Amino acid sequence: MSTADELARRIQVVHRAAGYLRLELPAELCGPAAATAIENGLLALPGVSLATVDRPWQRLSVRHDTAVSTAPQIARHLFGLLPDLPLEAPAAETPAESPENAPAAATPFGLQPLLDRLQQLLGLAEPAPDGSLQARLQPVLASALTEKAIYNFLNDLVAFYLVKTHWELISKRWIKTPLAYSNAWMTVFYLVFLLVRYRKSNAGK
């Protein structure tokens, strides 16, 4: 059995609805280069309006117009992409005695299952009429209702809250006598560094 056939056999359907398909992918298909190639390859298929690989969860979400492309057609197109994908070796399995090293996707407290359910309740899994406002808003809402988007929003919210809370100190004391408050400025720079590093580490996911 070829590598492409083996990978195709390991792809599993997680959720399927009218105009929506969610698949679980092998780890080899979730590297940055392979994920990008899958997204671009599926978006080239007529009728596909959204194709997103959630790399930490190893899931592929596809939204499509059922009148143009069907779920089996999307699956066949995906399988056709497999032989030419830039694959990465899967990460080594963590020892059973080290549960603290388990990936975040294995935890039962992840947000994505709840967000998937919310998308279903909002009717985002149903295809909207072409050219309608709903059709234009669906991809935006779908991308906003992801675990990564929620975490990014919460991080930004915390950052704005900290700036608002300390604004009087920043404007009246820290700026006027920066050396006296060097410890505070070092803390600010370190938090900004952590925020930027987090965004960069998630930019390709």
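The values are calculated or read from the model by the stated rules, or taken from the named source; none is laboratory data. Computed from a predicted structure; not experimentally measured. Heads up, the Cβs are rebuilt from the backbone with ideal geometry, glycines too, and the neighbour counts pull from every protein chain shown. Surface areas here come from the heavy atoms of the whole protein model, side chains and all, with no ligands, DNA or RNA. Shrake-Rupley method; radii C 1.70, N 1.55, O 1.52, S 1.80 Å.
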Filter region 15-51 for residues that are of a type in the set (Val, Ile, Thr) and either in contact with a strand residue (DSSP E or B) (Cβ under 7 Å, 6 or more places away or on another chain) or open to solvent by less than 30 Å² (accessible area, probe 1.4 Å) (or both) and give the result. ILE38, VAL48
Residues being within 18 Å of HIS15 (Cβ to Cβ) and aliphatic (A, V, I, L, M) - total across region 30-83: 12
Which residue is nearest to ASP84 (Cα to Cα), if the candidates are limited to region 36-51 and must be without any contact (Cβ under 8 Å) to a residue 40 or more places away in the chain and of a type in the set (A, V, I, L, M, F, W, C)? LEU42
Output for region 52-77, where each listed residue is touching a residue at least 60 places away in the same chain (Cβ under 8 Å), touching a Lys or Arg at 6+ places or on another chain (Cβ under 7 Å) and in a strand (DSSP E or B): SER61
What are the residues in region 184-203 that are open to solvent by less than 100 Å² (accessible area, probe 1.4 Å) and either on the phi > 0 side of the Ramachandran plot or free of Cβ contacts under 8 Å to residues at least 40 places away in the same chain (or both), if any? ALA184, TRP185, THR187, VAL188, LEU191, VAL192, LEU194, VAL196, SER201, ALA203
For region 161-183: of the residues being surrounded by 10 or more Cβ atoms within 10 Å (Cβ to Cβ) and hydrophobic (A, V, I, L, M, F, W, C), which is farthest from PRO56 (Cα to Cα)? ALA180
Positions within region 148-160 being open to solvent by 60 Å² or more (accessible area, probe 1.4 Å) and out of contact with any Lys or Arg (no Cβ under 8 Å at 6 or more places or on another chain), in sequence order: TYR151, PHE153, LEU154, LEU157, VAL158, PHE160
